Structure formats: C-alpha cells, structure tokens
Amino acid sequence: MNRSLRVINSVGIGVVILLLTVAVSLATETPVRSLVPYGVAVALATWRQGMGAGFLFAGLATLVALAAGAFPTRIEWIGQAVEEGLFTYLKLSAIAAGIALGKRLSAYRR
C-alpha cells in the first residue's frame, strides 16, 4: 500500500471517529463528555503520522467537543468554555506525546 493511501486511511479513520462522536451527541441530545473517543482519534493519528499530526488532531478533537456541546462539563463551570477547552487540549496533547514517546521507545528497543 502506498504512503499517501495510508495517510488518508489513518487520518480518515480519526475523522470518522470524531464525526461519529458528534452524530451520537446530536442523536441522543446528550453530549459525549468522555475523553475516550477523542483520545482514540488523537492516538490513531499520532501513531500513524507522528506527534505533529497528534497535536493537530488534539486541536481538532477539542473543537469537535466544543461543537458537540461537551462544554461545560459541570454546571458550576458555565461560562468557562475557554478554560475547559484549553484543559481538554492539554489532556489530548498529553495523549499524543505519550503515544509518540511510546512508539519511539518501542522502535529503540528493537
């Protein structure tokens, strides 16, 4: 399989995961506030494309969570969407950094 097709597949799967998360949020009228679906998309992009793509997907996933209505996560945090968005981006970026480091260490041990 050539490289450009692999890029499209890994990025495409991550985008599909994010779109499904939005679709579930809209269909159930309850936002998906779990970090798991967003983190899976970030981890997949990071594993296949590197840390830069992971950070990009972390930002994209944060915007998707905002669009899906995942913020605020608590009633007392109403009006603090920027802070929650930055904190969510930080958590997703930590996932990207951890995946990139793990991949690098596993390649180093071989």
Exercise. Is it possible to state the helix-based mean residue ellipticity at 222 nm for the chain, with each DSSP H run of 4+ residues giving -39500 (n - 2.57), the sum divided by total residues, to the nearest 500 deg cm²/dmol? What is it?
Worked result: -27500 deg cm²/dmol
Seminar exercise, completed: Once normalised by the length of the chain, the mean sequence separation of its alpha carbon contacts under 8 Å that are 6 or more apart gives a contact order in percent of 27 percent
For this session: Name the residue, out of S25, S34, S93, whose mean-square fluctuation peaks in a Gaussian network model built on the chain with Cα pairs under 10 Å.
Result: S34
Exercise. Ignoring ligands, DNA and RNA, what percent of the accessible area of the chain is carbon or sulfur (1.4 Å)?
Worked result: 69 percent
Seminar exercise, completed: In nm, the gap between the two label points placed 7 Å beyond Cα toward Cβ at V15 and L105 is 3.3 nm
Exercise. Excluding G54 itself, what net charge comes from residues whose Cβ is under 15 Å from its Cβ, given Lys and Arg +1 and Asp and Glu -1?
Worked result: +4
Exercise. Between the helical axis of 81-109 and the dominant principal axis of the chain, each derived from Cα atoms, what acute angle in degrees is found, rounded to the nearest 10?
Worked result: 20 degrees
Problem set entry | Using alpha-carbon coordinates, inclination of helix 51-68 to the longest axis of the chain, degrees | 20 degrees
For this session: About the Cα centre of the stretch 8-110, how large is the charge dipole given +1 on each Lys and Arg Cβ and -1 on each Asp and Glu Cβ? Please answer in debye to the nearest 20.
Result: 660 debye
For this session: Please work out the average accessible area per residue across the chain, using the 1.4 Å probe convention, and give it in Å².
Result: 64 Å²
Problem set entry | Answer label, with mean projected area of the Cα convex hull in nm² calculated from the coordinates and candidates [x] 6.7; [y] 9.7; [z] 7.7 | [z]
Exercise. Hey, what angle do you get for helix 3-28 against the long axis of the chain, alpha-carbon based, 0 to 90 degrees rounded to 10?
Worked result: 20 degrees
For this session: Would you work out which of V22, T62, V42 lies farthest towards the positive end of the dipole of the stretch 6-86? Charges go on Cβ: Lys and Arg +1, Asp and Glu -1.
Result: V42
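The values are calculated or read from the model by the stated rules, or taken from the named source; none is laboratory data. Keep in mind that this is a model prediction, so the values were computed, not measured. Note: ideal-geometry Cβ built from the backbone for every residue, glycine included; neighbour counts use all protein chains shown. Protein only, heavy atoms only, side chains kept; ligands, DNA and RNA dropped before computing areas. Shrake-Rupley method; radii C 1.70, N 1.55, O 1.52, S 1.80 Å.
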